[in-house]
Amino acid sequence: MTIPDDALPDQTVDGYSVERLSDYLDSGRTPRDPGIEGSAACRLYLISLAQVHDLSRASLEHEATREPDRDGRWISGLLESIRREVVGGREIPLGHPDAGIDLRITEAAARGLVRRTGDADGGVVLGATTFSGDVTTPGAPVTVEVTAAVRYGDDIRGVADDLRARIVETLTRHTHLTIAAVDIVIDDVFLPRTDDP
């Protein structure tokens, strides 16, 4: 799926333009670009961009017909959220039984965990993810704030409850964050693909 030029934010991810990364993904990531593949931020962006590509062309075309300016605005906003999220951010300590070992992950990696959790459900497209609270201090309460679009016709409350539970489970398993709350804002809907169950 080719993303309209006016939907691509005029920004870079780890020194690569989002247009270059989109072209690289469209080429099947061949020939392999060691610079892009060696950048965690670029890889996270490519994973998220692939999710955007998986959205139904028919759904986007329908929305574009119904609201001509919405297609580019929606994609542009989603891509800008993804681009902002792949920036490292604060370091989150993981802890280790050996006091001499200092393990940490970045906020970008934690946001990537949340995005993968949301993207595992075809009925959800995650927008922005932010962590409020002191993620750098073990045991400090942290609130996860997520925006998302859901598939038209799905039970929004049920989708939000399921997404919330999966985010808590994922972050608890992969980090030592103390999750006080997961706030989910459903800010859009999208039409189901024709091959969706």
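Nothing in this text is a laboratory measurement; each read-out follows from the coordinates by a stated rule. Source: prediction; values computed, not measured. Positions of Cβ are generated from backbone atoms using ideal geometry, with glycine treated the same way; all protein chains shown enter the neighbour counts.
Observations on the model:
- Dimensions of the range 89-197 based on its C-alpha atoms, expressed as ranges along the principal axes with the largest first, amount to 54, 23, 21 Å.
- Of the peptides 120-132, 98-110, 34-46, the ranking by mean beta-carbon count within 10 Å, highest at the top, reads 120-132, 34-46, 98-110.
- Net charge dipole, the range 89-197: roughly 160 debye, given to the nearest 20, about the Cα centre with Cβ charges of +1 for Lys and Arg and -1 for Asp and Glu.
- Label point 7 Å beyond Cα of A180 along Cβ direction - residues of the range 136-155 with amide nitrogen under 16 Å: 136-146
- A crude spin-label estimate for the pair D33 and D102, with each label 7 Å from Cα along the Cβ direction, gives 3.3 nm.
- When you filter the trypsin sites (Lys or Arg not before Pro) in the range 126-197 for DSSP loop state and at most 12 other Cβ atoms inside 10 Å of their Cβ, nothing is left.
- Our note on the geometry: Cα centres of the range 11-46 and the range 120-151, 24 Å apart.
- Fully extending the segment from R157 to R116, taken as 0.36 nm per residue of separation minus the present Cα-Cα distance, adds 12.7 nm.
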